[in-house]
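Working notes, beginning with the structure itself.
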Amino acid sequence: MAVYSRARSLGQEAAVVDLVVAETADGPDEAGKEEFVHPIFRMAPKEDSGSDTLRNYRYQTEVTAQTCIAMLTAGNIDYVVCEWHEDYVVAYTDGSVELVSVKHRAKSRTPWNLQEICKDGGLAHLFDRWRACDGAGNVRLRLATNAGLATGKTGAAALAAMCGPDPKTTVGVDAMAEKVSRHFLKIRLQQPYATIPKVPDVSKLADIAIPAGFTDTVKDFFAVLHIDAELPSRGDITDVNLQRLLRPAVELLQRENVDIEATYLAVVERIDKANRDENDRAQYAAYIADPSRVRHNVQIQQRIARRTLYPGTIRDEFISSRAAVPTFTRGKTPITAPGGANLRKKLARGGVPSDQAAHAERLRSAWYTTWEEHRSGLAGDTTDLANVSLEVVDAAFASRDQAENEALDGAPYGRRMNQLLTQHLLPENLSSSLAFPVNGQHLRGLAYELCDQCDFYFSEPFDTSEEEAS
């Protein structure tokens, strides 16, 4: 079984431009070809007028946390982009994206009726953003709210039943699409939604003239829309996220000694940071005024990257409930790692004493045991390991350079290099992390495994197949 992958991932900040729609034209196969950027991320978002209260803003952040926590164990979510076009965007591994709008409604208010959900509930806003994305086939929409939906033949609950690719009912869809169309056109008279046509103002909703084809577009909108009206209230969402989402996710990932409450607060703060991104707020006007700059603008891609959260981003916020991480989990029998011949030859060539070489073998087995026990089996394992491995090898090269510079001409420097690895390979020294807690001995064990795979040497490189192990 190949435990250690040689895969090398692109930086996380570059991954946001990798969404490819099915209609993408074939381009050159050369390395220099231009990446296809999904239209959603080519356009700068419009600024929403007004500002929510701090509590509503916090609620939006905690709703976003629900998707971010689900991303830890749901293999179909690639990443989340905060405050881009809508409250957040979910990018799925199949190339589709979902624009999510979050609306909190006080318990004292009645459930959404059709008129309210179109205007204050944000359906007109979602419709406008969907049309701005040219109604791309891989764009889905979600309205997430806690308020419930008014029942009745033409109520918001009836609309919700007609939405999605597999609606619960198709009876009365034409009549509903006409009603929603007129609500959108009425809202357009008061709010400047560029993709909703402007029609003459009349006193009665029923007298609004619907432009040709607009009702059909609204029905297409129904097909990509999901209305979730069963979110927890503002007072309950923290406890729901902690007990029903984060705690089961931690257990599924087999993470031990995680401080659930502290971790949740850290995750929410990380989302809040991605939401705000205040440093770039002043740049919106330039992008909107000159859309030609947006299509391939490096700055806008960097802004998206700062608002993007990956599974690894969320795992990095996990906070341990204990200071020390044991090298072996209690009750687990250490496994002897396969291989090791190359490592023994390299340590011998570098002049590492036999007792230190034997300890290196034990640490390599400690890493092997820990990896076999804790890796989740999800797609992120390979990427996490690749990122950490890159940093471990970098530390090995830095240690070798320093040891070689300190050694007398021609003298072995492997012993000093091995000593420096102990200083450099500490979890707090790495910017990358794994989905489970590790200590310095684990990282040195990984280093010895990478050395056995010939990623680095404790001397000048040599052909290990021609060297006898001591």
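Those helices (runs of 4 or more DSSP H) of the stretch 196-273 in which at least 3 residues are in contact (Cβ under 8 Å) with a residue 12 or more places away in the chain, considering only elements entirely within it, cover 214-223, 247-252.
As a summary of the residue check, Asn342 satisfies the conditions (1) at pLDDT 90 or above; (2) under 20 Å from His442 (Cα atoms); (3) touching a Phe, Trp or Tyr at 6+ places or on another chain (Cβ under 8 Å) except for the one numbered (3). Examine the stretch 131-145 for a residue that is under 18 Å from the mean Cα position of the chain (by Cα), open to solvent by less than 10 Å² (accessible area, probe 1.4 Å) and hydroxyl-bearing (Ser, Thr, Tyr), and state whether such a residue exists. No, the stretch 131-145 contains no residue that is under 18 Å from the mean Cα position of the chain (by Cα), open to solvent by less than 10 Å² (accessible area, probe 1.4 Å) and hydroxyl-bearing (Ser, Thr, Tyr). I'm checking my understanding of the structure. Among residues of the stretch 205-225 that are open to solvent by less than 50 Å² (accessible area, probe 1.4 Å) and aliphatic (A, V, I, L, M), which one is farthest from the chain's Cα centre (by Cα)? Out of the qualifying residues, it is Ile208.
Conditions tested, residue by residue: (1) over 23 Å from Asp236 (Cα atoms); (2) modelled with pLDDT of 95 or more; (3) crowded, with 18+ Cβ neighbours inside 10 Å; (4) touching a Phe, Trp or Tyr at 6+ places or on another chain (Cβ under 8 Å).
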residue	(1), (2), (3), (4)
Ser108	no, no, no, no
Asp128	yes, no, yes, yes
Ala160	yes, yes, yes, no
Ile187	yes, yes, yes, yes
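Among the residues of the stretch 421-449, the one identified as open to solvent by 10 Å² or more (accessible area, probe 1.4 Å), in contact (Cβ under 8 Å) with a residue 24 or more places away in the chain, of a type in the set (A, V, I, L, M) and within 13 Å of Val325 (Cα to Cα) is Val438. Among the residues of the stretch 353-364, those identified as crowded, with 18+ Cβ neighbours inside 10 Å and not small (Gly, Ala, Ser) are Glu361, Leu363, Arg364. Applying the set (1) open to solvent by less than 60 Å² (accessible area, probe 1.4 Å); (2) over 30 Å from the mean Cα position of the chain (by Cα); (3) under 19 Å from Ile117 (Cα atoms); (4) modelled with pLDDT under 95 to Val202 leaves exactly one unmet item: (3). Look at (1) β-branched (Val, Ile, Thr); (2) open to solvent by less than 30 Å² (accessible area, probe 1.4 Å); (3) modelled with pLDDT under 95 and you find that Thr383 fails only one, number (2).
Residues in the stretch 153-195 that are closer than 20 Å to Asp128 by Cα, of a type outside the set (Val, Ile, Thr) and part of a loop (DSSP other than H, G, I, E, B): Met162, Cys163, Gly164, Pro165, Leu189, Gln190, Gln191, Pro192, Tyr193, Ala194. Remark: pairs (first residue in the stretch 140-163, within 10 Å of Leu225 (Cα to Cα); second residue polar (S, T, N, Q) and not in a loop (DSSP other than H, G, I, E, B); Cβ separation under 9 Å; 6+ apart in sequence or on different chains) = Leu141/Ser101; Arg142/Ser101; Leu143/Ser101. Residues considered: Ala398, Ala407, Ala403, Ala411. Of these, the only one that is touching a His at 6+ places or on another chain (Cβ under 8 Å) and on the phi < 0 side of the Ramachandran plot is Ala398.
In the stretch 365-378, which residue that is out of contact with any Leu (no Cβ under 7 Å at 6 or more places or on another chain) and crowded, with 18+ Cβ neighbours inside 10 Å is modelled with the lowest pLDDT? It comes out as Arg375.
Scanning the stretch 297-352 for residues being over 30 Å from Thr67 (Cβ atoms), open to solvent by less than 50 Å² (accessible area, probe 1.4 Å) and of a type in the set (A, V, I, L, M, F, W, C) gives a total of 6.
The values are calculated or read from the model by the stated rules, or taken from the named source; none is laboratory data. Because the structure is predicted, anything quoted here is derived from the model rather than measured. Note: ideal-geometry Cβ built from the backbone for every residue, glycine included; neighbour counts use all protein chains shown. Note: areas computed on protein heavy atoms with side chains; ligands, DNA, RNA excluded. Shrake-Rupley method; radii C 1.70, N 1.55, O 1.52, S 1.80 Å.
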